[in-house]
Structure formats: structure tokens, C-alpha cells
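Below is one structure, written out as C-alpha cells; comments come after it.
The values are calculated or read from the model by the stated rules, or taken from the named source; none is laboratory data. Computed from a prediction, not measured in an experiment: that's the story for all the values here. Using ideal geometry, Cβ is built from the backbone for each residue, glycine included, and neighbour counts are taken over all protein chains shown.
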Amino acid sequence: MINVEELFKKGLSRRGFLSVASTSAGAAAALTLVEGCGDNHSSIPTPPPLPPANAVTDTDILNFALNLEYLEAEFYLRAATGSGLTDADIGGSAGTVTGGAQVPFKTQALQQYAMEIANDELAHVRFLRKALGSAAVSRPAIDLTNSFNVAAMAAGIGPAFNPFADENSFVVGAFVFEDVGVTAYHGAAGLLSSKTNLAAAAGILATEAYHAGQIRTLLTQLDVPYITYANQISALRAKAGGGAETTLSGGAIVAADSNSISYDRTTDQVLHIVYLNANAGVVKTGGFFPNGMNGTITATAS
């Protein structure tokens, strides 16, 4: 069985791991037309129609992203340092976090990767909280123990899985989140109305794609059972999140469609994944968010 430490002894470099990640993000713009009416040379502007009462706002989308960033930050910070987000970064009515522990890394480079990604996710939390200001939601309750056990059982891995047990298991645990983050930001791009917010989301998407490429590359270098576990998780995500998966192998690292465009997911599909519930219908809680997310987008519609 190959482990990460052996890989680095074989000369796989940090630059080599990082160089494979790439992404592209789409952008969408909305244009409202104002029509004139009348039977003479003058016209009376017609007010643009009001948005539907249930229209999704940029604040809703950014808070949806913030929930996901809370989850990733807690996972990586606990894996890298043994401690999660501080009180200054979680809001005034934050939920509790269950589970998570410092991983007993044996490979220095992999430990550095974990710390780098942890710092990136912390920066994302802080960026979104600052951008949202008083509208930022607090961290919801997060489960990093039972959630992985449920996912392992549903994926056919076994009754339990601890991503904090060792460095190879950590890589599999990281894989659970990274591709979801990329598809979530890509899917949200077309929902944002502000060019400033769209540019920021595209920037975060690119960073998440670097992370995903790094983790996916590491996994393809591992022997069974770890790459098998990852592909079982991928199949579970596909079932819950509308497909949008590329099976990992030595010749298939990048997750993209037939046009080599990164996959996107709707908020419904993302919720089905993080709630670990592939059943059709309304789902409000479960999985990594035992009490649900915070904000406006918290339940699936189908």
C-alpha cells in the first residue's frame, strides 16, 4: 500500500501537486428593458416589473456560501491545529461543532498543505463576514463525527470513517468537501446580480478549485483502499447532487464535463449533499448540518 510519506520520498514535489489545479468560472448578467407606449411622438416609460417575492438576493447567496465556508474552515483548522474557528469569526449565536481533531501527520509537506488550506478557508470566512456585515449569519451547528460515519455507510465504505485518524484518511475527508465547494460557487455565479460580488465569488471558486485539484491529485497517488473510498464518496455525491462527478484515476484528475468546463450545482443539489440525503422532497437538516444551515437558503425545494 502506498502512503503519502512514501510518495514524497519518491520526489513528488509541492509544485507538482499544485500545478494540476485549474478552473474556469462562468458569469451571467441581467438586463431590464423599458418599453415606451403611446400614439404620438412622446412615450411614457413603463416601470420595470418588481422581482418575485421569493427572489434570491446576493445576500442570500453569499450567506449560503458562508455556511459552506464555516464547514470547510472547521474541518481544516481542526485537522491542522486541533482547534476550530475563534469566537470572533463565528457570529453571536453560533451553533456548536461536534468532532474534529488534529491529524497525526507523518509527512511534513502534507501537513503544510493542510495548514495552507485551513488558512485559506479561514480567510474566506472572514472575507464573506466582512462583505455581508451585519447581515452575515452565525456559524450553524456542525457535525464532523456522525456525518462521516453516515456518509461511509451510505457510500458502502463501512459503518464508520474517521478522517482525522491519519493523513491518508484526512485526504479522503477533504475530498468530501472540495468538489462540492467548486460546483456550489459555479452554480451560484449566475444568481449574483452585483459584478463586484460575482468577481469575488469567481476568485473564491478559483482558490477552491486549486484545493480540489491538489486533493484529487494526492488521491490518485494513493493505493487502495483510499482512492476506492474517494470514488465511493463521488458516487454518493452524484446520487444526491445530480451527477456532476468525474471518477478518479491516474488519467482522470480534473472534474469537468465533456467540454472541460467545471461542473456546477444548484443550491438544492448542494443541500442534498451536505445534508447527506438523496431522497426527493424537502430536506432541511442532517449530515454535516444537524440543525440545518442558517440564512434564507436552508431547505431543498425538491
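Quick notes
- Any chance G100 is over 20 Å from the mean Cα position of the chain (by Cα) and either at pLDDT 95 or above or in a loop (DSSP other than H, G, I, E, B) (or both): no
- Single residue of S258, S262 found to be in contact with a helix residue (DSSP H, G or I) (Cβ under 7 Å, 6 or more places away or on another chain) and assigned to a loop (DSSP other than H, G, I, E, B): S262
- Note on region 233-277: residues that are closer than 29 Å to A299 by Cβ and either touching a strand residue (DSSP E or B) at 6+ places or on another chain (Cβ under 7 Å) or not charged (D, E, K, R) (or both) amount to 26.
- Filter result for A212 (assigned to a helix (DSSP H, G or I), out of contact with any His (no Cβ under 8 Å at 6 or more places or on another chain) and under 24 Å from A252 (Cα atoms)): yes
- Region 220-233, residues that are closer than 21 Å to M153 by Cβ and buried (at least 20 other Cβ atoms within 10 Å of the Cβ): Y226, I227, Y229, A230, I233
- Only a single item in (1) over 19 Å from the mean Cα position of the chain (by Cα); (2) hydrophobic (A, V, I, L, M, F, W, C); (3) crowded, with 21+ Cβ neighbours inside 10 Å; (4) closer than 28 Å to T196 by Cα is not met by A55, and it is number (3).
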